[in-house]
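Take a look at the structure set out below.
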Amino acid sequence: MPPTNNINETTRDLCRGLIERHIPDETKMFKPIWDAFWQMLPSHRIESLRELPAWDDGDQCVRALSALGDTSQQAMDALYVIGSVVGAVVTLLNQDPSTLIETADVDGALRHHAGQLGAPEHVRRILETFGTPLLADQLAAADWHGSESPNVPATGLLKIECSELTWNRRSCTATVTKTQTSEEVDELFRQRETEFDLFVDEPESTVCVLGTKLELSALQPRERRFLFLVLQALRRIGVVTHFQIKRDALQDTEASPESIRNAKSALNKKLSGLLSDVMTAQKYESSYAVTRLPYCWVRFDGTPSKLAPDLPA
């Protein structure tokens, strides 16, 4: 069973991400809809729910949203997403602790709760196509080979990519790439991680931003993929296009400009505002120019990046 100390927060972020991407008109109403959902349950924490929530009647959804003055189909769809995801998480966490969660279990739980709620077909497709992999990643499904499950090579060598620090940190123009042992990385880079504005350490599953460290798991899958695009652009002092963000980070080529801005803003918040200094919107909002900064990116040599295992590094 995965750790549950922040399961409410990660589940909330997952639901917000699905709604933001696929029901964007309800993004601004996410908080009141989320709150209305929890008012119908006997507890305000997923960890405290020891029985399946009594959330199997579509009329309850209508009553919850009536208090908000919004019973539109899109608002209902957002509530179906929240109810199905939370219900699935509770079901999976209530499994026998000795039984490993698998992706099929995640898919089945989402389908079951969407069916109980009477969710329409288009919402079920959102949950099955996009919700299942995100939830399998969040709950560390045993057979899920996502961003937290790299195929670490037997050599144990690490690939280092970093800007060459100078007396004027903002004049960094050269990028150094090398392969070293973990011991060498400990001595030469990890002990100096605060010298870099951005230090991404995939083997340690951490990100150090302006001296503040956070776990890689604190980033949602789309945020990790967005960070991957930024790191690639830092390498070549280039740009990140809106098409790249839609295709590779959001995995939705029909995503709106607002969804792109929201995704950037969400990642920027978790990275202590770093992106505000690094990424500049270009004319016609077709891309972001990426400015060089002192950075270091540590990952396993010879394997895909943990940030975006399905994308070429």
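The values are calculated or read from the model by the stated rules, or taken from the named source; none is laboratory data. A quick note: this is a predicted structure, and the numbers were derived from the prediction, not measured. Don't worry about glycine lacking a Cβ; one is built from the backbone with ideal geometry, like all the others, and counts go over all protein chains shown. Surface accessibility is based on the protein's heavy atoms, side chains included, excluding ligands, DNA and RNA. Shrake-Rupley method; radii C 1.70, N 1.55, O 1.52, S 1.80 Å.
Heavy atoms only, probe 1.4 angstrom, no DNA, RNA or ligands counted: give me 204, 26, 195 ranked by accessible area, highest first. Please report the intermediate quantities before stating the final value.
Values: 204 100, 26 10, 195 75 Å².
Reading off the accessible areas and sorting them downward yields 204, 195, 26.
Under the 0.36 nm per residue contour assumption, what length would be gained going from the current alpha-carbon distance of residue 98 and residue 184 to full extension?
On the way: separation 86, 0.36 × 86 = 30.96 nm, distance 3.86 nm.
Computed gain between residue 98 and residue 184 is 27.1 nm.
Want the number for residue 282 to residue 243: 0.36 nm per residue separation, take away the alpha-carbon distance, what's left?
12.7 nm
Strictly over 32 Å apart at the Cα level, which of 28/159; 178/283; 159/269; 31/246; 159/283 would you flag in this model?
28/159; 178/283; 159/283
Classify the stretch 181-223 as rounded, prolate or oblate, taking a ≥ b ≥ c as the square roots of the eigenvalues of its Cα gyration tensor: rounded when a/c is under 1.5, otherwise prolate if a/b is larger than b/c and oblate if not. Present the calculation step by step, with values, prior to reporting the outcome.
Details: a/c = 2.98, a/b = 1.52, b/c = 1.96.
Note, shape of the stretch 181-223 comes out oblate.
Once all Cα-Cα distances of the stretch 198-313 are split into 10 Å bins that start at 0, what whole-number percent is in each one?
14, 51, 32, 4
Report the calculated FRET efficiency for residue 293 and residue 157 (r = Cβ-Cβ distance, R0 = 25 Å), to the nearest 0.05.
0.45
Note the full-extension length gain between residue 38 and residue 253 as 0.36 nm times their separation in residues minus their Cα-Cα distance, in nm to one decimal.
74.2 nm
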